[in-house]
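Each remark here refers to the structure printed beneath this line.
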Amino acid sequence: VYPVTRTIAKTSAVGRAALLELLVGPTPEEKSQGYQTQIPVGTRLNSLSITSDTAIADFFFPPYNIAGSCRVMAINEAINQTLLQFSTVNNVDILENGGYPVSLEP
């Protein structure tokens, strides 16, 4: 997982905006520099809340096999690092489809 810098419109919901940018995937310029994503097309952010220092991100993941433990780890790490960049977040819980703990393992 490698960070990229993007400029977004001013918002009080920067964590949500950062996750939405992550879900868009690499820009054409980023692709030309070799960046790619392991997050499946069709993944959506259902909700994001921050309680104390823990971000709880709930996603819809497309209903097809996300094969490979390396890919699963890359998806989890991309989400974690996107949220851990903020000083108010020290822990990240990733949920799936309304609150079930994420189970992307193949």
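Just a few scattered comments:
- Fully extending the segment from E29 to A17, taken as 0.36 nm per residue of separation minus the present Cα-Cα distance, adds 2.3 nm.
- The fewest-to-most ranking of I75, I94 by surrounding Cβ atoms within 10 Å reads I94, I75.
- Contact order normalised by residue count of the chain, Cα under 8 Å, 6+ apart, percent: 27
- E96/V1 FRET efficiency (R0 22 Å; Cβ-Cβ; nearest 0.05): 0.65
- Just so you know, the Cα atoms of the range 14-101 work out to an Rg and Dmax of 13.0, 39 Å.
- Highest mobility in the GNM of the chain, judged by mean-square fluctuation with C-alpha springs under 10 Å and restricted to E30, E21, E77, is found for E30.
- Note on the chain: with a GNM built from Cα contacts shorter than 10 Å, the maximum mean-square fluctuation among A55, A74, A13 falls on A13.
- Computed [θ] at 222 nm, deg cm²/dmol, the chain (DSSP H ≥ 4; -39,500 (n - 2.57); rounded to nearest 500): -9000 deg cm²/dmol
No value in this document is a laboratory result; all are computed from the given coordinates. All values reported here derive from a predicted model rather than from experimental measurement. So basically every Cβ, Gly included, is an ideal-geometry build from the backbone, and we count neighbours across all protein chains shown.
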